[in-house]
Amino acid sequence: MRPVTDGYAQANGLRLHYEAWPSPGPTVVCLHGTSLTGRVWGWLAQALTPAYNLIGLDQRGHGDSASAPAGQYTVDYYGADLVDFADALQLDKFSIVGSSLGSRVGLHYAAAHPERVDKLVFLDLSFEMPKAASDEMIHAHVTRPRTFADMEQAVAFSKTLPQRKRFSDATHRDTLAGDLATNADGRLEWRYNRDAAIETLSVAARDMWAEVRRVTCPVLILRGELSNVLTEQTSARLPREFANGQVLTIPGAGHSIWGDNPRATAAAISTFLRTGDFAAVQKAIADSSK
């Protein structure tokens with residue numbers, strides 16, 4: 001599902017682009033992971049619209065948003081972008097769905113502005129990402145080709161990426177449709193700043209437990225059953241530290257929960273946003289996995 005509309009907003013000194021699936025319903029701001037774009041949330045839009053007004057932000061250095069100078073890709077900068085972006089779109093109160101990088105940014109925002117966040121959903125919350133996992137992702141960015149002759153070549157490469165090895169063929173193609181754009185030479189080129197992605201991953205791990213304790217809204221943390229990012233130790237601690245949070249497992253998924261098992265992930269998110277009931281979410285995950 002392609003976005004119904006898109007737009008730009010001036011935020012934190014940058015021109016940021018966003019994709020949107022508009023609705024008069026409650027607003028959900030979706031924050032993608034490193035190297036992705038706001039368009040990656042099309043699978044969730046299919047499940048949530050028209051009940052929810054879905055906005056997928058292209059974060060700095062990604063998609064059609066502007067890049068920042070080197071040294072400005074910590075969660076503090078991304079979080080400041082979200083503050084100005086929400087103000088620019090006049091979003092008084094909204095829910096946030098964040099994946100990987102987006103989970104860290106959503107956590108940072110909700111800790112600083114608890115009165116403006118209704119619910120939080122984190123897909124493989126990553127502020128305690130093990131170095132081996134971030135090193136693996138950085139290597140993938142350093143070694144990946146910048147362009148492709150056609151979509152078939154891009155799909156063949158996508159299937160070699162560790163974080164996409166469980167994707168279906170349709171998910172590879174849908175994701176790449178947002179990942180790539182045709183350049184002046186007629187080749188398909190990645191729509192993100194590689195140096196920004198590498199820097200973002202290099203500073204991903206940080207102590208955010210103080211932020212966790214400042215969040216007041218209900219929080220659903222979805223962990224990939226096979227994740228190498230959200231560890232069992234961190235998963236066990238999170239429900240104790242959040243005022244109202246629970247970690248639930250998405251079966252058959254690694255770190256890229258949204259691509260590995262989009263059906264169960266969408267069912268979990270839609271149920272949580274509608275009910276806020278963790279038991280109902282667990283049942284929705286089980287039912288969607290039958």
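The values are calculated or read from the model by the stated rules, or taken from the named source; none is laboratory data. What you see is a predicted model, and the numbers here were worked out from it, not measured in a lab. Quick reminder, even Gly has a Cβ in these numbers, built from the backbone with ideal geometry, and neighbours come from all protein chains shown. Remember, those area values only see protein heavy atoms, side chains included, never the ligands or the DNA or RNA. Shrake-Rupley method; radii C 1.70, N 1.55, O 1.52, S 1.80 Å.
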Each label point is 7 Å from the Cα along the Cα-to-Cβ direction; what then is the distance between the points at ALA156 and ASP135, in nm?
3.1 nm
What FRET efficiency comes out for THR147 versus ALA177 if R0 is 25 angstrom and r is the Cβ-Cβ distance? Round to the nearest 0.05.
0.95
So who's got an amide H within less than 5 Å of the one on GLY224, skipping anything under 5 residues away but keeping other chains? H placed 1.01 Å off N, in plane.
ASP124, ILE250
Size of electric dipole in the range 233-290: Cβ of Lys, Arg +1 and of Asp, Glu -1, about Cα centre, debye, nearest 20:
60 debye
Which of the lysines could be linked to LYS93 by a straight reach, that is with a Cα gap under 24 Å, when you skip same-chain ones fewer than 8 residues away?
LYS119
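Based on Cβ point charges of +1 for Lys and Arg and -1 for Asp and Glu, what charge dipole magnitude is obtained for the chain about its Cα centre, in debye rounded to the nearest 20? Spell out each step's value before the answer.
Values: 29 positive and 32 negative charges, 104 e Å.
Here the chain has a charge dipole of around 500 debye.
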Let me have the 222 nm mean residue ellipticity of the chain computed from DSSP H runs of 4+ only, each contributing -39500 (n - 2.57), with the sum over all residues rounded to the nearest 500.
-12000 deg cm²/dmol
For LYS283, tell me the accessible area in Å² from a 1.4 Å probe, rounded to the nearest 10.
130 Å²
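Which order, highest average first, do 38-50, 186-198, 142-154 follow once you tally other Cβ atoms within 10 Å for each residue and take the mean per peptide? Show your work: numbers first, answer last.
Working: 38-50: 21.8, 186-198: 17.9, 142-154: 12.9.
With the highest mean Cβ count within 10 Å placed first, the list reads 38-50, 186-198, 142-154.
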Once label points are set 7 Å from the Cα along Cα→Cβ at both LEU91 and ALA170, what is their separation, rounded to one decimal in nm?
2.8 nm
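What fraction, in whole percent, of alpha-carbon pairs in the range 5-145 exceed 17 Å separation? Please list the in-between numbers first.
On the way: 5767 of 9870 pairs.
The calculated P(r) of the range 5-145 puts 58 percent of pairs beyond 17 Å.
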Net charge near TYR18 (other residues with Cβ under 13 Å of its Cβ; Lys, Arg +1; Asp, Glu -1) is -3
With x for Gly and Pro, the residue-by-residue ³J(HN,Hα) of the range 238-254, computed from phi through the Karplus equation 6.51 cos²θ - 1.76 cosθ + 1.60 at θ = phi - 60° and given in whole Hz, is 4, x, 6, 8, 6, 5, 8, x, 9, 9, 10, 9, 9, x, x, 10, x
Mind jotting down the distance between the C-alpha centroids of the range 26-84 and the range 252-277, whole Å?
18 Å
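Dipole of the range 33-172, Cα-centred, from +1 at each Lys and Arg C-beta and -1 at each Asp and Glu C-beta, to the nearest 20 debye?
Around 400 debye, computed over the range 33-172.
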Computed label-point distance, nm, for sites TRP209 and SER67 using a 7 Å Cα→Cβ extension:
3.7 nm
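Would the range 160-290 count as rounded, prolate or oblate if I go by the C-alpha gyration tensor, calling it rounded below 1.5 in a/c and otherwise prolate when a/b exceeds b/c, oblate otherwise?
oblate
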